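Nothing in this text is a laboratory measurement; each read-out follows from the coordinates by a stated rule. Since we're looking at a predicted model, the values are computed, not measured. When we count neighbours, we look across all protein chains shown, and the Cβ atoms used for this are built from the backbone with ideal geometry, even at glycine.
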């Protein structure tokens with residue numbers, strides 16, 4: 001029974017890691033798209049002395065997707081924001097304790113709060129078929145707003161995986177909580 005539980009925890013962690021890995025690698029390609037959109041916007045603005053609301057909005061839409069959808073990938077690879085002054089010197093077990101309580105007390109409640117608060121906001125956007133308020137702006141604003149829910153759901157899944165990996169390290173079942 002104990003081994004089944006351990007295998008289940010590890011399986012969840014593997015699935016969450018793989019999901020965020022593939023999605024994160026896919027989203028990373030949007031940085032290339034963002035650079036291209038920026039370049040086109042700069043050329044239109046400075047060479048042709050014109051501007052486009054759609055290009056401006058596309059820039060922040062793409063950046064939002066990268067940031068929100070890529071958050072789980074960042075957590076998976078331990079590239080999230082953290083003060084490493086002490087953490088980097090901790091033993092693997094001490095790091096696991098910090099990760100366990102950090103995820104349990106901060107990441108999980110915050111992710112759930114954002115998802116819960118975003119649902120009515122996004123639902124309203126879908127209901128009214130929200131688009132840009134600016135003339136020449138992008139339609140379907142509800143799609144970009146949906147990335148809040150998707151991104152925080154992926155972050156939540158990855159946070160649970162980190163919590164479980166940390167627990168296995170704390171219990172001495174696993175050597176390191178690093179998400180490799």
Practice prompt. Have a look at 120, 139 and point out the one that is over 21 Å from residue 60 (Cβ atoms), over 17 Å from the mean Cα position of the chain (by Cα) and without any contact (Cβ under 8 Å) to a residue 60 or more places away in the chain.
Written response: 120
Discussion item. Condition check: surrounded by 15 or more Cβ atoms within 10 Å (Cβ to Cβ), more than 16 Å from residue 71 (Cα to Cα) and touching a helix residue (DSSP H, G or I) at 6+ places or on another chain (Cβ under 9 Å). Does residue 154 satisfy that?
Written reply: no
Discussion item. Within the range 131-148, does at least one residue satisfy the condition of being closer than 22 Å to residue 14 by Cβ, out of contact with any strand residue (DSSP E or B) (no Cβ under 6 Å at 6 or more places or on another chain) and in a helix (DSSP H, G or I)?
Written reply: no
Item to complete: Tell me, please, whether a residue that is touching a residue at least 40 places away in the same chain (Cβ under 8 Å), in a helix (DSSP H, G or I) and within 19 Å of residue 169 (Cα to Cα) can be found in the range 56-74.
Response: no
Worksheet item: Residue check: is residue 116 part of a helix (DSSP H, G or I), out of contact with any helix residue (DSSP H, G or I) (no Cβ under 9 Å at 6 or more places or on another chain) and more than 19 Å from residue 20 (Cα to Cα)?
Response: yes
